[in-house]
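Novice: Dropping the structure in here first, questions after.
The values are calculated or read from the model by the stated rules, or taken from the named source; none is laboratory data. The structure displayed is predicted, hence computed values, not measured ones. Quick reminder, even Gly has a Cβ in these numbers, built from the backbone with ideal geometry, and neighbours come from all protein chains shown. Side chains are part of the model used for accessible areas, which takes the heavy atoms of the whole protein and leaves out ligands, DNA and RNA. Shrake-Rupley method; radii C 1.70, N 1.55, O 1.52, S 1.80 Å.
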Amino acid sequence: MTETNLRDHASSASASTATGAATTGPTSTQDEADLIAIVPVRQFVLFPGVVMPITLKDEAAIAAAQHAVREGVPLGLVMQRSDASDEEFSPLNLHRMGTVANVLRYVTSPDGEHHLVCQGEQRFRVSRYTQERPFLQAQVVRLDDAGAESPDLEARLIHLQGQALEALQLLPQSPPELLSAVRSMGTSSALADFIAAYSDMPPDEKQDVLETLDLARRSELLSSYLAQRIEVLRLSQEISRQTRASLDDRQREVLLREQLATIQRELGEGEEEGKAREIAELTEAIDKAQMPEEVDKAARKELRRLERMPEASAEFGMVRTYLDWLIELPWALEEEAPVDLAEARAVLEADHHGLERIKERILEFLAVRKLAPEGKAPILCFAGPPGVGKTSLGQSIARAMQRPFVRVSLGGVHDEAEIRGHRRTYLGALPGNIIQGIRKAGSRQCVMMLDEIDKMGAGIQGDPAAAMLEVLDPEQNHTFRDNYLAVPYDLSRVVFIATANMLDQIPGPLRDRMEVIPLTGYTDAEKLEIARRYLVPRALETNGLTAEQASIDDEAIRQIIRHYTREAGVRQLERELSRALRKIAVRVAEGEANAVRITPDDLHEILGAARFEDEVAMRVSVPGVATGMAWTPVGGDILFIEATAAPGKGKLTLTGQLGDVMRESVQAALSLLKSRASTLEIDAEKLDKSDLHVHVPAGATPKDGPSAGVAMYLALVSILTGRVVRPDTAMTGEISLRGLVLPVGGIKEKVVAAARAGLTRVMLPARNKRDFDDIPEDVREQLEFIWLETVDDALREGLGQAATTEPTAGSSSADSQTGGEPQSGGGASA
């Protein structure tokens, strides 16, 4: 600031005491009006004889103050009416009565604010305003107090002074300067104005006191106000005293109890009452648990041990935790709701599209449970690639049976104790995942999903797969013994459902205890229907969109299925659909569009370039190229077998990252060809002097399996005879050295891949006719099926006429599906 800091209210109060007595004495009212500058203020009243700081913000008020300081004349302070607008001062929204004040100090702070220190001199009433700019100026009439000093006023003075002193003493941390100032007040007028100035009265009430000229009436107003405040302060002080006393008593009680507990612990006393109550509660809980006789006997034995143990014992907590586990496990059988097959069918249809044979087997399972609820049901194992709905099928079964569902994840489990539990001698021991799951479900009649059962692995802590043998054996699991519980628990009423991706990773004895239900991948048509029914509505809800705001054409969904995903299930498809809808959500949120429909032409802009391309059947008539079919973890695919011959010493070269079984398949095909060279009109001497090279494109993808034997054989015959393999035909099948075509697996996936690639004919082993019904009907209508008993059938149906040009040293096929990169999900099984 440009001057010293403003004095505070308390010090100004003591300094103004003498002037208050001097300026408020009884005098006659002046007849002549004074012309003074008016400083309007908000929510502030200055009383005669009181020194107060004021902050000015209005330009007119600042101009009036500067005028008074410059001319050395008093100014008038008038408060704005409470019901007036705060935007601008005007004579109409000001009170008619104010206070004449002398400016003791004028200060301008560095931030540009203007501050006054004023001392009230005398009340006045505005006669009329003579000027509004640059500041308010008015003719005023100074007013004196009405009523001379008298014994009545003196008595009021003494009473008011006593009330003020009592109120100040009730205030916490009251400044001593205020007490001294109140005691030194010599007139009723000065004391009343002083009390009104420093009280917390509302500004309107202070204005009423200012406008009250009669001293007796003014003293009465302030006495009534002080009486009310004194009562409030007394109550507040009493409440504070009671609260403090209550806290002191509570703290004292806590301290004494802690000391008493310490003494009792040292003496071994004082815990009996609480412990007896705890034992009684445990006894009652054991009575209500309906445990079998053997378990009840073990629980009561541990309860007697607990009763003899001191609470400070380390074993006390272990025994108490063990009893809690026994009590909280569901031992009694609840009344089971009857299985409603119609409802179960409706649930399965609502939750899953397709999977007709799987649904039929589940309904058979439920029908048996309905007719023989006490019978030993088989353990189902849903086996298939990721994302085909194995876990959700288990949830649907639980809904259909009206049973609680609990999922136990076995992926990565390598400790036997995760299944059987830890022995109680170990610190932090717990039951195994099976018992924990049943406790979580709260019922012995639950549906327990053993997820990823093929992902368990043996370690130095034991083999969890071996521990699962007892769990999944209906002949043994009614007396399953967890190491932690050390008592038998009946698992026979639990419906176990396992899931797996690769059956060959499950040990034979464990797989033998389960009925495997294979779930193959979905066809494109099934994926389209699943997307329309489930995935698109779920993606719309996830991204905060409605069906009116965003939609996707069926053809666009087909393009996403074919060119942006490569999977047996639909998880990646759901992610791609959500990704597309997120782009729409941004446009809708920014107000660019209200309704958007995604078409195939929009996919490149929304999802980018296509990541996958369909294998297209080779249309070039080149000898030495045959089209095979392969199974992969993400569905079926076609692959090309390329063979070429060159002058040499009869060497065979194999490339394309072929596995051992596939290499042996090529060797078997070559041996069969050599044994039939004369029948095939192949010069044996020329064959011995030719180096053969067999290559399978997509070299970065591992390939293995015997089912490419037929395609290998036809490729070799084609390159050596010059006859081309029909480019519209795909084939699969293992061959023997006798020329027989043996059955293979993955027929459904392979045939679907052939149809997707645009082929019209497939050659399959005759012994695979049993798999014909598994092929989707729409695929069966697109293809011609040729059933092979021997390789002669394959030669007759697969080889065309001789090529019009000589076979080249190397034959090239269409680009592979992934451009040489490994496919997601691992290698192909041919």
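Novice: Where residues in the range 663-695 are modelled with pLDDT under 90 and touching a strand residue (DSSP E or B) at 6+ places or on another chain (Cβ under 7 Å), which of them is least open to solvent (accessible area, probe 1.4 Å)?
Specialist: In this case the residue turns out to be Ser690.
Novice: In this structure, does Ala643 turn out to be touching a helix residue (DSSP H, G or I) at 6+ places or on another chain (Cβ under 9 Å) and at pLDDT 85 or above? Break it down into steps so the answer makes sense when it comes.
Specialist: On the way: touching a helix residue (DSSP H, G or I) at 6+ places or on another chain (Cβ under 9 Å): yes; at pLDDT 85 or above: yes.
When the stated conditions are applied, Ala643 passes them.
Novice: Right, another one. Against the condition small (Gly, Ala, Ser) and closer than 28 Å to Thr760 by Cα, how does Gly722 come out, does it pass?
Specialist: yes
Novice: Would you say Arg481 is under 31 Å from the mean Cα position of the chain (by Cα) and closer than 20 Å to Met291 by Cα?
Specialist: No.
Novice: How many residues are open to solvent by 80 Å² or more (accessible area, probe 1.4 Å), part of a loop (DSSP other than H, G, I, E, B) and not hydrophobic (A, V, I, L, M, F, W, C) if we restrict to the range 311-349?
Specialist: 3
Novice: Taking Ser180 as meeting all but one of (1) free of Cβ contacts under 8 Å to residues at least 60 places away in the same chain; (2) of a type in the set (S, T, N, Q); (3) open to solvent by 30 Å² or more (accessible area, probe 1.4 Å), write down the number of the exception.
Specialist: Just one mismatch for Ser180, condition (1).
Novice: Same structure again: For the range 104-126, state whether one or more residues are touching a helix residue (DSSP H, G or I) at 6+ places or on another chain (Cβ under 8 Å), open to solvent by 60 Å² or more (accessible area, probe 1.4 Å) and either touching a residue at least 40 places away in the same chain (Cβ under 8 Å) or of a type in the set (S, T, N, Q) (or both).
Specialist: Scanning the range 104-126 turns up no residue that is touching a helix residue (DSSP H, G or I) at 6+ places or on another chain (Cβ under 8 Å), open to solvent by 60 Å² or more (accessible area, probe 1.4 Å) and either touching a residue at least 40 places away in the same chain (Cβ under 8 Å) or of a type in the set (S, T, N, Q) (or both).
Novice: Can you give me the number of residues within the range 437-476 that are farther than 14 Å from Ala498 by Cα, of a type in the set (Lys, Arg) and open to solvent by 40 Å² or more (accessible area, probe 1.4 Å)?
Specialist: Residues in the range 437-476 being farther than 14 Å from Ala498 by Cα, of a type in the set (Lys, Arg) and open to solvent by 40 Å² or more (accessible area, probe 1.4 Å): 2 in total.
Novice: While we're looking at this one, here's another question. Restricted to the range 224-256, and to residues that are aliphatic (A, V, I, L, M) and open to solvent by 90 Å² or more (accessible area, probe 1.4 Å), which residue is farthest from Gln161 (Cα to Cα)? Can you show your working first?
Specialist: Step one: of the range 224-256, the residues aliphatic (A, V, I, L, M) are 226-227, 230, 232-233, 235, 239, 245, 247, 254-256.
Applying the additional criterion that residues be open to solvent by 90 Å² or more (accessible area, probe 1.4 Å) yields 235, 239, 255.
On the way: Leu235: 21, Ile239: 26, Leu255: 46 Å.
This residue is Leu255.
Novice: Taking the range 641-691 as the region of interest, how many residues are among the hydrophobic types (A, V, I, L, M, F, W, C), outside any loop (DSSP other than H, G, I, E, B) and within 15 Å of Val717 (Cα to Cα)?
Specialist: Final tally of qualifying residues: 13.
Novice: Something else about it: Could you please give the count of residues in the range 717-755 that are in a strand (DSSP E or B) and open to solvent by 20 Å² or more (accessible area, probe 1.4 Å)?
Specialist: Residues flagged as in a strand (DSSP E or B) and open to solvent by 20 Å² or more (accessible area, probe 1.4 Å) within the range 717-755 amount to 4.
Novice: In this structure, does Lys769 turn out to be open to solvent by 10 Å² or more (accessible area, probe 1.4 Å), without any contact (Cβ under 8 Å) to a residue 40 or more places away in the chain, assigned to a helix (DSSP H, G or I) and not aromatic (Phe, Trp, Tyr)?
Specialist: yes
Novice: Tell me which of these Leu380 doesn't satisfy, since it passes every other one: (1) surrounded by 14 or more Cβ atoms within 10 Å (Cβ to Cβ); (2) over 29 Å from the mean Cα position of the chain (by Cα); (3) assigned to a helix (DSSP H, G or I).
Specialist: (3)
Novice: A further question on this structure: Among the residues of the range 454-476, write down those that are assigned to a helix (DSSP H, G or I), over 27 Å from the mean Cα position of the chain (by Cα) and over 12 Å from Glu416 (Cβ atoms).
Specialist: Correct list: Asp454 only.
Novice: Return yes when Gly428 is closer than 21 Å to Gln505 by Cβ and open to solvent by 10 Å² or more (accessible area, probe 1.4 Å) and no when it is not.
Specialist: No, not satisfied.
Novice: Please identify the pairs in which a residue from the range 345-365 that is closer than 16 Å to Ile530 by Cα has its Cβ atom under 6 Å from the Cβ atom of a residue that is at pLDDT below 85 and not aliphatic (A, V, I, L, M), counting only partners at least 6 apart or on another chain.
Specialist: Leu348/Lys359; His352/Gly389; Gly354/Glu526
Novice: Can you find even one residue in the range 399-414 that is of a type in the set (A, V, I, L, M, F, W, C), buried (at least 22 other Cβ atoms within 10 Å of the Cβ) and over 30 Å from Ile530 (Cβ atoms)?
Specialist: There is at least one residue in the range 399-414 that is of a type in the set (A, V, I, L, M, F, W, C), buried (at least 22 other Cβ atoms within 10 Å of the Cβ) and over 30 Å from Ile530 (Cβ atoms).
Novice: Same structure again: Have a look at Ala197, Ala164 and point out the one that is closer than 30 Å to His95 by Cα, surrounded by 14 or more Cβ atoms within 10 Å (Cβ to Cβ), small (Gly, Ala, Ser) and modelled with pLDDT under 80.
Specialist: On the way: Ala197 fails: modelled with pLDDT under 80.
Only one candidate qualifies: Ala164.
Listed here are the residues, each with its yes/no results for (1) assigned to a loop (DSSP other than H, G, I, E, B); (2) at pLDDT 90 or above; (3) of a type in the set (A, V, I, L, M).
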residue	(1), (2), (3)
Val408	no, yes, yes
Gly411	yes, no, no
Asp415	yes, no, no
Glu418	no, no, no
Ile434	no, yes, yes
Arg439	no, yes, no
Ser443	yes, no, no
Met449	no, yes, yes
